[in-house]
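A.B. asks: Dropping a structure here in structure tokens format, bear with me for questions.
The numbers here are math on the coordinates, done by the rules we state, and not lab data. Since the model is a prediction, treat every value here as computed from it, not as a measurement. FYI the Cβ positions are ideal-geometry reconstructions off the backbone, even for glycines, and counts take in every protein chain you see.
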Amino acid sequence: MERKALGKGISALIPERETESQERIAYLNPGQIKPNPLQPRKDFDSESLEELMQSIREKGVIQPVLVRRQGPDYELIAGERRWRAASNLNLSEIPVIIKDAQDQDSLEISLIENIQRENLNPIEEARAYQYLMNKFNISQEKISEVLGRSRVSIANILRLLNLPQEIQDEIRKGRIMFAHGRALLEIDDVNLQRRLSQDIIAKGLSVRELENLIKSRRTKLPKKRISPAHRQPYLTLMEEELQHALATKVRIIKRKKRGHINIEFYSDEDLGRIIARIKATI
């Protein structure tokens, strides 16, 4: 997946607060530091962690981790791999930067660090974007503008959360690629998605092989959808307006004088956000 440099900074997504941030450097025992519950990254590769531990054995922890005070202890903001490695090595102390930070600051810094270093897998990234949308009522368009990524790429990543949980887990583990997941989303049959995901793992299907397999299955089924060439242009315009207003994918299906509107949501919280936006316009 193509990754671009961050645009204006994730701080542009989050309302400004009238608080001054102060920082100081200290040395703490890793046991005094707790993991960050807002950390978007959930999976840590054991091999790369072992390599980091070897580096720390030889050179020590050169770059301080970033923490904030939480009661009698400290909570990580950034640098969890370094903290984990130091904890595994039973180091008595590591350098830290103690920062006065609220939850929003902590999330912002964690996202920036992980996205810039390309440490997040697609599912972690999707959930991080979803959290921003739900917690701060931010649109996909605003996220794409701030991160310097296309609106389509943000939407495609978020769409992965529509896949069955077991397929999301395989993407998170790296056994199924992002492009595989995107291809599976073209299938409406959840059971077929599951069967093909198993084939991807068992048979080592490439993305092209998967796409060809899906295409061959489609040719055997009667076509129900209206060809884009025959769609009335105003429907596409109305879809775009609704997508912009609701910050999610919308599809209008019209047949003669009747039809329906499909509005996608990615979690119970996202559904609540969409309903709240609709009610606000009534």
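A.B. asks: Among His244, His180, His260, what is the fewest-to-most ranking by other Cβ atoms within 10 Å?
C.D. replies: His260, His244, His180
A.B. asks: Shifting gears a bit: Quick check: Cα centre of the range 173-191 to Cα centre of the range 49-82, how many Å?
C.D. replies: Spelled out, the Cα-based centre of one part sits 35 Å from the other.
A.B. asks: Sticking with this one: In this model, which of Lys135/Lys254; Lys173/Lys203; Lys254/Lys279 are farther than 22 Å apart at the alpha-carbon?
C.D. replies: Exceeds cut-off: Lys135/Lys254; Lys254/Lys279.
A.B. asks: Let me ask something else about it. Quick query: amide H of Leu28 versus all other amide H atoms, modeled in the peptide plane; which residues come in under 5 Å with a sequence gap of 5 or more or a different chain?
C.D. replies: Sorted by chain and number, the residues that satisfy this are Ile94, Val96.
A.B. asks: Given a Förster distance of 35 angstrom, what is the FRET efficiency for Tyr27 paired with Asn137, based on the Cβ-Cβ distance and rounded to 0.05?
C.D. replies: Values: r = 40 Å, r/R0 = 1.14.
The value I calculate is 0.30.
A.B. asks: Students often check this: by mean Cβ neighbours within 10 Å, which of 264-272, 55-63 ranks highest, and how do the rest follow?
C.D. replies: Taking the mean over residues of other Cβ atoms within 10 Å, the ranking is 264-272, 55-63.
A.B. asks: Pop a pseudo-label 7 angstrom from the Cα along the beta-carbon direction at both Glu269 and Gln63 and give the gap in nm to one decimal.
C.D. replies: 2.7
A.B. asks: If each of Ala179 and Lys254 carries a label point 7 Å out from its Cα toward its Cβ, how far apart are those two points in nm?
C.D. replies: Once both label points are built, they end up 3.6 nm from each other.
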